[in-house]
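Undergrad: Have a look at this one before I ask anything.
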Amino acid sequence: MSEIKAQVISSNLTPQFSDGVSMCFSAIADISRYNCPQYLIFPGFCDVHVHFREPGFSYKETILSGSRAAAHGGYTAVCTMPNLNPVPDSARALAAQTEIIKRDAVINVYPYGSITVRQMGESHSDMEAMSDAIAFSDDGRGVQNEDMMREAMLNAKSLGKVIVAHCEDNSLLHGGYIHDGEYAAAHGHKGICSESEWGPIKRDIELARETGCAYHVCHISTKESVELIRKAKAEGVDITCETAPHYLVMDDSNLLEDGRFKMNPPLRSAADREALIEGIKDGTIDMIATDHAPHSAAEKGKGLAGSAFGIVGLETAFSVLYTKLVKKDIISLEKLIELMAINPRKRFGIPLGCDFTVWDTEAEYTVNPDEFLSLGRATPFTGERLLGKCCLTVCDGKIVYMDQQN
């Protein structure tokens, strides 16, 4: 390790991380190529919100392609959402996914179990039988019924698991597909109001307070959501939340008439984006997750109105945030690593192990989706010049990605 001049960025990591990296280095060939101060060594990133689409929709993404894309982005652990076929709502259905993970994943992949059967919101899944699931979520759909969510929280609490909520009130959607803001009004699009997100968060905060359940909110995008969560934390509610890179660096003024700008929740207003950044700075927002959601080219090629919701993000997340937040002195690099690697593991009990990633933070590149390892290509960052290229990712002491051109 003494010959390696790359700087280890460890944020609030325990001292064991540096020891673990030293042991990993000693077993990895060609590590001498990173004998330069421009290379930074980070703990392996952890994304608690990805969609790998298998089983059921492998034409969009597979466990193999998704995990390779994650390794390319510096991730060594991800949590996969349950909108699959079969939906992991029982031990048997969950096993259909875990068998593929064991066979094909190149990094650590932790599947969610669903909250309700088939994610239909009508009856509870067999949570007790899915004790191997990392947590429980119906992501892609909000749990509409208050009593259903209350009972789910009680069940999760008894199992020591987190409820991970996609907060969306279907009664307020009215066919919307982008933010109900200036762009929608100017271009004749149907909008999604902010209350469709913050209303269910407000409801669930009271349920979490009542039940004592550990509660995590997915992909927050509105200023009201930030304020509700900030207040709940101050009052002692066991709540955490995430946002995604695109919500921090874009708003609805950046929209184009292209399906690669369509995601759920949508890009909100500039005021919402600024509130999210403040939430990042003051600790209200605990982590950044990509909501990596690949679709086929046909599904994303129908404009804002007709395209499927979802973009890919694992292979651009660090570069986007490093370029647009760290290099502009909006947050520190140490804060970014805390958001991408440390806090997700703390909340969900995901070990670090011998996982790290090496980045050349001086390397500049143009985002070209054709170079992605993901099967998905839809990203709003196509053509942008970004700083930071992943050179190496090591998971459990094994090289899972190496840039052959570096």
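Undergrad: Given Cα pairs under 8 Å that are at least 6 residues apart, what percent is the relative contact order of the range 238-344?
TA: Values: 138 pairs, mean separation 34.4, N = 107.
Here the relative contact order equals 32 percent.
Undergrad: Considering only DSSP beta bridges with both partners in the chain, what is the antiparallel share in %, to the nearest 5?
TA: Working: 18 of 43 bridges.
Just about 40 percent of them are antiparallel.
Undergrad: For the chain, what % of the accessible area comes from carbon and sulfur atoms, probe 1.4 Å?
TA: Details: 7480 of 15630 Å².
Carbon and sulfur: 48 percent of the exposed surface of the chain.
Undergrad: Which entry in [x] 27, 58, 15, 0; [y] 26, 49, 21, 4, 0; [z] 29, 61, 10, 0 matches P(r) over Cα pairs in 20 Å bins from 0, in percent derived from the coordinates of this structure?
TA: Evaluating P(r) over Cα pairs in 20 Å bins from 0, in percent on these atoms matches [z].
Undergrad: Related question: Build a GNM of the chain with springs between Cα atoms under 10 Å: which of Ala317, Ala70, Ala96 gets the top mean-square fluctuation?
TA: Ala96
Undergrad: What ³J(HN,Hα) values, in whole Hz, does the Karplus curve 6.51 cos²θ - 1.76 cosθ + 1.60 give for the range 369-380 when θ = phi - 60°, with x put for Gly and Pro?
TA: x, 5, 8, 5, 8, 5, 6, x, 10, 7, 9, x
Undergrad: Okay, next question. Which loop trypsin sites (Lys or Arg not before Pro) in the range 246-320, with loop taken from DSSP, have no more than 15 other Cβ atoms within 10 angstrom of their Cβ? Intermediate results must be reported in sequence, preceding the final value.
TA: Details: sites: Arg260, Lys262, Arg268, Arg273, Lys281, Lys300, Lys302; in loops: Lys262, Arg268, Lys302.
Of the trypsin sites (Lys or Arg not before Pro), the ones in loops of the range 246-320 whose Cβ has at most 15 other Cβ atoms within 10 Å are Lys302.
Undergrad: So what is the calculated 222 nm ellipticity per residue for the chain, using -39500 (n - 2.57) for each DSSP H run with n of 4 or more, over all residues, to the nearest 500 deg cm²/dmol?
TA: Working: 14 runs with 126 residues, N = 406.
Estimated from H runs of four or more residues: -9000 deg cm²/dmol.
Undergrad: Long-range amide H contacts for Ala135: which residues qualify at under 5 Å (H placed 1.01 Å from N, peptide plane, sequence gap of 5 or more or a different chain)?
TA: Gly113
Undergrad: Continuing with the same structure: Between Lys328 and Ala270, 0.36 nm times their residue separation minus their Cα-Cα distance comes to what? Can you show the working numbers first?
TA: On the way: separation 58, 0.36 × 58 = 20.88 nm, distance 1.72 nm.
Answer, rounded to one decimal: 19.2 nm.
Undergrad: Determine the relative contact order of the range 184-296: mean sequence separation of Cα pairs under 8 Å and six or more apart, normalised by residue count, in whole percent. Intermediate results must be reported in sequence, preceding the final value.
TA: Values: 146 pairs, mean separation 32.2, N = 113.
Answer for the range 184-296 is 29 percent.
Undergrad: Same structure, new question: Quick one: which residues, 5+ away or cross-chain, put their amide H under 5 Å from the amide H of Asp47? H built at 1.01 Å from N.
TA: Under 5 Å from the amide H of Asp47: Ala77, Val78, Cys79.
Undergrad: Compute the relative contact order of the range 286-331 as a whole-number percentage, counting only Cα pairs closer than 8 Å that sit 6 or more residues apart in sequence.
TA: Values: 29 pairs, mean separation 16.9, N = 46.
Dividing the mean separation by the residue count of the range 286-331 yields 37 percent.
Undergrad: Next question. Hydropathy first: keep DSSP H helices in the chain averaging at least -0.5 on Kyte-Doolittle, then drop any whose Cα extent along the axis falls short of 15 Å, and list what survives. Please report the intermediate quantities before stating the final value.
TA: On the way: long enough: 16-26 (16 Å, 0.40); 91-104 (19 Å, -0.29); 146-159 (20 Å, -0.45); 195-211 (23 Å, -1.19); 223-234 (17 Å, -0.66); 270-282 (18 Å, -0.35).
For the chain, where a helix must reach 15 Å along its axis and average at least -0.5, the hits are 16-26, 91-104, 146-159, 270-282.
Undergrad: Which value, in Å², gives the accessible area per residue of the range 35-111 when a 1.4 Å probe is used on the protein heavy atoms?
TA: Values: 2360 Å² over 77 residues.
Each residue of the range 35-111 exposes 31 Å² on average to a 1.4 Å probe.
Undergrad: Got a sec to turn the phi values of the range 44-61 into Karplus ³J(HN,Hα) couplings, 6.51 cos²θ - 1.76 cosθ + 1.60 with θ = phi - 60°, whole Hz, x for Gly and Pro?
TA: Values per residue, Gly and Pro as x: x, 5, 9, 10, 8, 8, 9, 10, 9, 6, 10, x, x, 9, 5, 5, 7, 5 Hz.
Undergrad: Let me ask you something else. Would you pull out the residues with amide H under 5 Å of His124's amide H, same chain only if 5 or more places away, H placed 1.01 Å from N?
TA: Val117
Undergrad: Please identify, among Asp138, Asp329, Asp169, the residue showing maximal mean-square fluctuation in a Gaussian network model of the chain using a 10 angstrom Cα cutoff.
TA: Asp329
Undergrad: Rank Gly236, Gly140, Gly44 by mean-square fluctuation in a GNM of the chain with C-alpha springs under 10 angstrom and give only the top-ranked residue.
TA: Gly236
The values are calculated or read from the model by the stated rules, or taken from the named source; none is laboratory data. Here the structure is a predicted model, which means the values were calculated and not measured. Every residue, glycine among them, receives a Cβ derived from its backbone with ideal geometry; neighbour counts consider all protein chains shown. Accessible surface is based on the protein model in full, side chains and every heavy atom, while ligands, DNA and RNA are left aside. Shrake-Rupley method; radii C 1.70, N 1.55, O 1.52, S 1.80 Å.
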